Every structure is written in structure tokens, then in C-alpha cells.
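Okay, so here's the structure we're looking at.
FYI, it's all coordinate maths here, none of it is from the lab. Small disclaimer: the values here were computed from a predicted structure and weren't measured. Cβ placement follows ideal geometry from the backbone for every residue including glycine, while neighbour counts extend to all protein chains displayed.
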Amino acid sequence: MNPDRTEAKKRSPRTASAPSQGGAPASAKKTTRKRSGRKPPARRKAYWGVFNDLMQQVAAFEYQDRAEAEKTARQWTEKKRGSYFVRVVKQPVE
């Protein structure tokens, strides 16, 4: 190894400030993290959606109108080609 490089390594600031083998940290003062203010989760409204085979929503009903949504899905399945099904959809409240 080049003698100039070994001398430069010995004088480098990284080796001079390395913690000792005792295991004690270089500074005894603890640093605290500043807590960021977390936003509460966005409010959401649940309702029933009627979907087709391609997972496209074709109708929406209020949450309390599940029976009507299932009835519509059943009628469309019998009347049209393909199948329709009902599932819960949640949208953010504005």
C-alpha cells in the first residue's frame, strides 16, 4: 500500500472520532424526536354497490337498503347476460 495513503488514513476524522471499546456512547445526552401531529383517518361512508362480471359498479344503494340491492342484482342476473353481485363500498365523506 502507498505510504502516503496510510498516513492519510491515520489522520482521517473518521478514525479520530470513533467510539471507544468501553461501549459508552460519545455523547451522554439523549436526543428526542419531535412527534409529528398525525391526522385522524378520513371519515368514510359505507353503501352497497351492485357490480357486474367485470367488477364495474353499475348501481349504488344506501347501507340500510341491502335487501333492495340484492333484489336488483338478482333481477339483473336473471334478465341480462352475466352475473351481478352486491358488496360494500366505502367512500370518503366530504
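The stretch between Tyr63 and Ala46 holds 5.5 nm of extra length on full extension. This uses 0.36 nm per residue minus the Cα-Cα distance. For Tyr84, nonlocal amide neighbours, meaning residues 5 or more places apart or on other chains whose placed amide H falls under 5 Å from its own, are Thr77. Peptides 47-53, 64-70, 76-82, 86-92 ordered by packing proxy, namely the average of other Cβ atoms within 10 Å per residue, highest first: 47-53, 64-70, 86-92, 76-82.
Each label was represented as a point 7 Å from its Cα along the Cα-to-Cβ direction; for Lys39 and Arg81 these points are 4.5 nm apart. Electrostatic bookkeeping for Ala42 treats Lys and Arg as +1 and Asp and Glu as -1; over the other residues with beta carbon under 12 Å from its beta carbon, the sum is +4. Computed over neighbours whose Cβ is under 15 Å from that of Leu54, the net charge equals +2, Lys and Arg +1, Asp and Glu -1.
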